[in-house]
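> To start, I am sharing the structure in question, which I have written as structure tokens.
Derivation of every value follows stated rules applied to the coordinates shown; laboratory data play no part. Please read all numbers here as calculations on a predicted model, not as lab measurements. We place every Cβ from the backbone using ideal geometry, glycine too, and count neighbours over all the protein chains shown.
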Amino acid sequence: MAASPKELKIGSEAIDFNLPGVDGKYYSLDMYKDKKILCIIFMCNHCPYVIATQERINQIAKDYANKSFALIGINPNDDETYPEDSFENMKIRAKEMGYVFPYLRDETQEIGRAYDAACTPDIFLYDRNRILKYRGRIDDSWKDETKVTRKELRIAIDKLLEDREIDFDMIPTIGCSIKWK
């Protein structure tokens, strides 16, 4: 079922952050000012929905790397209750999966709360002015990539890269709830 633009906060501005990445660097919104499109995905290590889609997420980052597009993964989960989501385990996952995008740790959960992230994966796609234009699912088959018939996130990225509006209903992603402290 599609959600309304108001429910998805379409039209809201991106919120700045300064978070550590698994590569030892810190990342902020300003670092991406030269990119036409920015995709922020709240994700983690343990969620089966993320595990099922992480290769697709990484492939999107690869496929659009030379098209004024950037993708960032942010893990806001409580790692005391879910030790699989610790910063050390994030480093291991990023290396094992060959992530080509920054994978950031939101230890205080301040950024996850500011964005009103609800689940993992939760996808926020911003235009050049960092206005939220898409908040929906990656595609129509999170569980089985061979059954995908519609790649909504890619369609949304392509439209924004072509300076076109998102003109289809956004179906919110499903996933594991954020593990708040």
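> Exactly one of (1) touching a residue at least 12 places away in the same chain (Cβ under 8 Å); (2) surrounded by fewer than 18 Cβ atoms within 10 Å (Cβ to Cβ) is unmet by Gly24. Its number?
Answer for Gly24: the failing condition is (1).
> Then there's this: Among the listed residues Leu71, Leu19, identify the single one that is in a strand (DSSP E or B) and touching an Asp or Glu at 6+ places or on another chain (Cβ under 7 Å).
The conditions single out Leu19.
> Let me ask another. Would you confirm whether or not the stretch 152-160 contains a residue that is out of contact with any strand residue (DSSP E or B) (no Cβ under 9 Å at 6 or more places or on another chain) and among the acidic types (Asp, Glu)?
yes
> Need pairs with beta-carbon distance below 7 Å; first residue farther than 17 Å from Glu152 by Cβ and within the stretch 45-72, second part of a helix (DSSP H, G or I) and among the aromatic types (Phe, Trp, Tyr); sequence gap 6+ or separate chains.
From the stretch 45-72, the pairs are Ala70/Tyr32.
> Something else about it: For the stretch 22-61, enumerate the residues that are more than 15 Å from the chain's Cα centre (by Cα) and in a helix (DSSP H, G or I).
Asp30, Met31, Pro48
> Mind telling me which of the residues Leu125, Leu160, Leu153 ends up being closer than 20 Å to Phe69 by Cα, of a type in the set (A, V, I, L, M) and out of contact with any helix residue (DSSP H, G or I) (no Cβ under 7 Å at 6 or more places or on another chain)?
None of the other options fit; the residue is Leu160.
> Test each condition in (1) closer than 24 Å to Ile171 by Cβ; (2) in contact with a Ser or Thr (Cβ under 7 Å, 6 or more places away or on another chain) for Phe17 and report the one that comes out false.
It fails just one condition, (1).
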